[in-house]
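The values are calculated or read from the model by the stated rules, or taken from the named source; none is laboratory data. Here the structure is a predicted model, which is why all the values come from computation and not from measurement. Counting neighbours? That spans all protein chains shown, and the Cβs are built from the backbone with ideal geometry, glycine included. Each accessible area value is taken on the protein alone, full model and side chains, heavy atoms only, with ligands, DNA and RNA left out. Shrake-Rupley method; radii C 1.70, N 1.55, O 1.52, S 1.80 Å.
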Amino acid sequence: MAKYTAQEIISLIDEEDVKFIRLQFVDFFGELKNIAITAGQIGKALAGKCRVDGFHIRGMNSLGYNTFYLQPDFDTFAILPWRPQHGKVARFLCRLNDENGNPIPEGSRSILVDVMRRAAGEGYSFDLKPNCEFFLFLNDENGRPTTLTGERAGYLDIAPLDKGENARRDVILTLEEMGFEIESSNHETAPGQHAVVFRQSEGIRVADQIETFRATIRTVAERHGLHATFMPKPRTDLMGSAMAFTISMQKDGKDLFSGGGSRWYSDEALSFVTGIMDHQNGIAAFSNPIINSYKRLKARFFAPTELFWSTTDYYAPLRIVKNDNGGVSVEWKLPDGAANPYLTIAMAIAAGVDGIRRGAKPVPEDEKIGSLPATLRESVSAFEEDEFLRSVCGERYADMYVREKMTEWERYSKEVTDWEIREYLQEI
């Protein structure tokens with residue numbers, strides 16, 4: 001049942017003195033974008049009649065969408081607490097529609113909705129709990145972001161060592177004003193690094209929350225004179241930022257991952273984990289989608305580097321764990337802060353369900369079956385060759401994504417880096 005009707009939203013906008021509405025959407029790569037309209041245009045917006053020029057949006061033109069339309073999800077209506085309290089600003093997250101009012105199948109939200117709908121048709125439902133890590137860095141005298149923190153705090157430290165505590169607190173309060181439920185927050189292991197854990201929710205809402213959280217932390221951090229970044233590995237000497245997911249699965253309302261008898265986890269949990277492992281290197285093209293992602297996945301910095309599953313090993317990209325509710329969940333530690341949350345969740349759920357459907361047999365616990373991708377090129381190549389993953393997002397999307405990401409890799413490959421200058425300029 002929808003949280004709001006169109007008439008209730010119109011009434012709220014009038015009662016709350018909302019003057020501007022941001023129609024937010026994610027592009028094909030998970031980047032949040034928006035257009036702003038006045039309150040007088042709300043009827044047009046709610047009917048999905050607000051048009052956007054697609055020419056300058058990455059991937060749109062190559063797929064033939066010169067224009068598209070925004071269809072607000074009524075349940076995502078929220079007033080932005082950091083904007084003026086007289087003449088308020090609200091927002092919606094929107095679906096991308098074509099000129100005939102049909103969902104654009106390559107849209108990130110649409111792909112995740114389709115995956116969840118197919119799983120629901122088989123009686124499956126999912127709750128996901130993300131653990132979002134990020135850095136708070138200082139700005140320089142000109143307001144440009146640096147990679148300096150001004151602190152030396154470590155894991156679970158408090159103020160005054162944790163100089164980002166006030167900013168993190170303001171983020172939590174702001175998100176709660178917008179209807180979020182936050183489970184916990186803390187300072188992470190590296191100086192300037194923080195983590196926020198959301199209360200578990202179903203897939204599409206979790207992805208929406210992640211996008212909203214990223215925008216909120218950046219906005220609130222600026223008010224504190226700081227720069228928030230989800231870049232996976234912003235400094236060579238520090239560990240990177242992950243975006244781990246704890247995934248719970250139900251079949252007709254019953255916990256599917258809990259076992260019986262002598263083993264506390266089920267065959268379905270093992271098949272789900274195996275399904276993800278079978279496609280993990282290709283999924284990394286979405287869960288770890290930028291050049292910098294693979295600087296994080298190196299030894300000595302607590303990130304996974306090899307492909308295996310475990311119940312105990314901290315370094316395993318996939319672990320079967322007991323959750324706080326007495327049930328069993330799968331902890332997936334590979335994704336990072338740059339991940340497209342919609343496609344990352346869609347690929348993992350689709351692969352896991354396929355593993356259950358096939359009755360996939362796992363390798364023994366803690367047996368390493370290979371390395372995770374070392375570069376973006378490796379993960380994109382794995383995705384390009386993975387027929388199952390291509391079917392999840394569609395051939396048109398898959399071809400476009402591979403083309404754009406290989407172009408990104410080629411641009412990087414041509415770049416002369418500071419490391420090369422330091423290493424070779426004087427010696428050669």
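Okay, here's what the table says:
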{"item": "Sites THR375 and LYS49 - FRET efficiency at Förster radius 45 Å, r taken between beta-carbons, to 0.05", "result": "0.55"}
{"item": "Loop sites in region 343-408: chymotrypsin sites (Phe, Trp or Tyr not before Pro), DSSP, at most 16 other Cβ within 10 Å", "result": "none"}
{"item": "Accessible carbon and sulfur surface of region 204-252 relative to its total accessible area, %, 1.4 Å", "result": "49 percent"}
{"item": "For region 186-280, radius of gyration divided by Kirkwood radius, i.e. Rg to Rh on alpha-carbons", "result": "1.08"}
{"item": "Range of Cα positions in region 61-136 per principal axis (Å), largest first", "result": "45, 35, 27"}
{"item": "Residue among TRP309, ASN292, LEU270 farthest towards the positive dipole end of region 260-321, charges placed on Cβ", "result": "ASN292"}
{"item": "Percent of Cα-Cα distances greater than 24 Å, calculated over region 77-178", "result": "57 percent"}
{"item": "Nearest-0.05 FRET efficiency for ASP17 and THR407, computed from C-beta distance (R0 51 Å)", "result": "0.65"}
{"item": "For Cα extents along the principal axes in Å, calculated from these coordinates, the label among [x] 71, 62, 45; [y] 61, 59, 44; [z] 92, 55, 43", "result": "[y]"}
{"item": "Cα gyration tensor category, rounded, prolate or oblate, for region 1-143 with a/c compared to 1.5", "result": "rounded"}
{"item": "Surrounding net charge for GLY253, when Lys and Arg each add one and Asp and Glu each subtract one, Cβ distance under 15 Å", "result": "-4"}
{"item": "Residue pairs, from the table LYS254/LYS322; LYS298/LYS361; LYS129/LYS333, whose Cα atoms sit over 20 Å apart", "result": "LYS298/LYS361"}
{"item": "Centre separation in Å (Cα based) which lies between region 397-418 and region 349-395", "result": "22 Å"}
{"item": "By average C-beta atoms within 10 angstrom, highest first, the peptides 164-176, 279-291, 252-264", "result": "279-291, 164-176, 252-264"}
{"item": "Largest-first ellipsoid semi-axes for region 275-387, taking √(5λ) over the Cα gyration tensor eigenvalues, angstrom", "result": "21, 17, 14"}
{"item": "Centre separation in Å (Cα based) which lies between region 300-348 and region 33-70", "result": "35 Å"}
{"item": "Equivalent ellipsoid, region 184-223 (semi-axes from 5 times Cα gyration tensor eigenvalues, Å)", "result": "21, 15, 7"}
{"item": "Solution diffusion estimate, µm²/s, Stokes-Einstein, region 118-188, Kirkwood Rh from C-alpha pairs, 20 °C, viscosity 1.002 mPa s", "result": "143 µm²/s"}
{"item": "Residue-normalised accessible area of the chain, expressed per residue, 1.4 Å probe, Å²", "result": "46 Å²"}
